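Just so you know, all these numbers are worked out from the coordinates, no wet-lab data involved. Since we're looking at a predicted model, the values are computed, not measured. So basically every Cβ, Gly included, is an ideal-geometry build from the backbone, and we count neighbours across all protein chains shown.
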Amino acid sequence: MSQSVPARIPVAIIGATGFVGGELIRLLARHPNVEIIALQARSRDHEPITVTHPHLAGVPHEIDVAIPRGLGALFLALPHGAAAAQVPALVAEGIAVIDLGPDFRLSDPTDYPRWYGFEHPAPELLARAIYGLPELHRAELAGLATKRSETKASAAIVGSPGCYPTATLLALAPLARAGLIADLVVDAKSGVSGAGRESKPELAFSEVNESLRAYGIGGHRHVAEIEQELARLAGGDAVRARGERPVDFLPHLVPMTRGILAACHVTPSRPVSQAELDVLYRDAYAGEPFVRVVDAPPATKHVTGSNQCRVFVHLDERTGRILAIGVIDNLVKGAAGQAIQAFDLAFDLPETAGLEQLPLAP
């Protein structure tokens, strides 16, 4: 670890009362190199965090309206558009920002009005922000916070990926790097916690239970980062600019609490064999601490509560198409755990610090 980084880095969480905020607290409270010094949420000043998150009994923190000085890093778990206005002042103070919302995931500011309905207030920072998927951007993340501290530059910004893109991109990255994706349809399914804690009629138990519902038809917001990252992997700036077919992505809400399964149906750009795919995926994820390539289709229960992703690839010899499946826990590898993994890299900490818990079963 760099000498410029203290043994326990002081961090704060904004948006502490949501599902993702609760996961951040749960994981960071036992992180060997972190000290949580502040939690913030709307209209909850001096309320014990256990009022909102009873499962965190023993975590001695209250919600405060003020952000203390001396922070090393700040985790933002806010709705889209809420973080972008705050980040310029934070990084000017030297605070590393890990934004778990979408405000710093996309590199092109013109994508924000199209996909999120707002003009980005700090477009000059988008080029500096690192997309926080460690398996794809480890070199850019490594030492990011300590390097900026040493050079007196304004602090690091990490745009933590969305849950659907995480499962999708990890399932597809070896194919994209090899230039094997000619056409792509992603059929994805998520548990209800992915919709957050806000009360909505369509999320009531009576509506979700024993039901399956497609949504985001015609262009889910996460398509933008999926296309962006697949294009980067393939060596281009943008899928649309390269004249390739855009991604067909259809998410579904399923009656479970946690988990995402992304089933990616790929028409390959050339004939390929199962043996070639096996080598491609084995080599791509050899040594990765949180990605495991498996021989049978994985289930979301195989990763519940963990920062793991399981990936499966299969060639359908009858149709010639490739099926690539990725499964994650949407609140851990799809949100809080992944943000902490990027934080660990940015501060030159062991990448697995605070994230070594195994999946839960049953």
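Summary table
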| item | result |
| --- | --- |
| Cα gyration tensor shape for region 1-150, rounded if a/c is under 1.5, else prolate or oblate | oblate |
| Cβ charges +1 (Lys, Arg) and -1 (Asp, Glu), total dipole of the chain, debye | 100 debye |
| Longest to shortest principal axis, alpha-carbon extents of the chain, angstrom | 61, 52, 39 |
| Calculated FRET efficiency for the pair ALA142/ARG213, C-beta based, R₀ 35 Å, to 0.05 | 0.30 |
| Kirkwood-based Rg to Rh ratio, region 296-339, C-alpha trace | 1.13 |
| DSSP-loop trypsin sites (Lys or Arg not before Pro) across region 87-165, with at most 14 other Cβ within 10 angstrom | LYS152 |
| Binned Cα-Cα distance frequencies in region 163-330 - 5 Å width, integer % | 1, 9, 18, 21, 20, 15, 9, 5, 2, 0 |
| For the chain, calculated [θ]222 nm from helices alone, where every DSSP H run of n ≥ 4 adds -39500 (n - 2.57) | -7000 deg cm²/dmol |
| Normalised contact order of the chain, rounded percent, pairs of Cα under 8 Å and 6 or more residues apart | 18 percent |
| Spacing of the two label points (7 Å from each Cα toward its C-beta) at ARG114 and VAL185, in nm | 2.3 nm |
| Length-normalised contact order for region 163-330 - Cα pairs under 8 Å, 6+ apart - percent | 32 percent |
| For MET256, net neighbour charge (Lys/Arg +1, Asp/Glu -1) across residues whose Cβ lies under 15 Å away | +1 |
| Relative packing of peptides 263-272, 185-194 - highest average C-beta neighbours within 10 Å first | 185-194, 263-272 |
| Relative contact order for region 81-180, counting Cα pairs under 8 Å that sit 6 or more residues apart, in percent | 36 percent |
| Tilt relative to the chain, helix 274-285 - C-alpha long axis, 0 to 90 degrees, to 10 | 10 degrees |
| For the chain, the longest site-free run once GluC sites (Glu not before Pro) in DSSP loop states with at most 10 other Cβ atoms within 10 Å are removed | 1-197 |
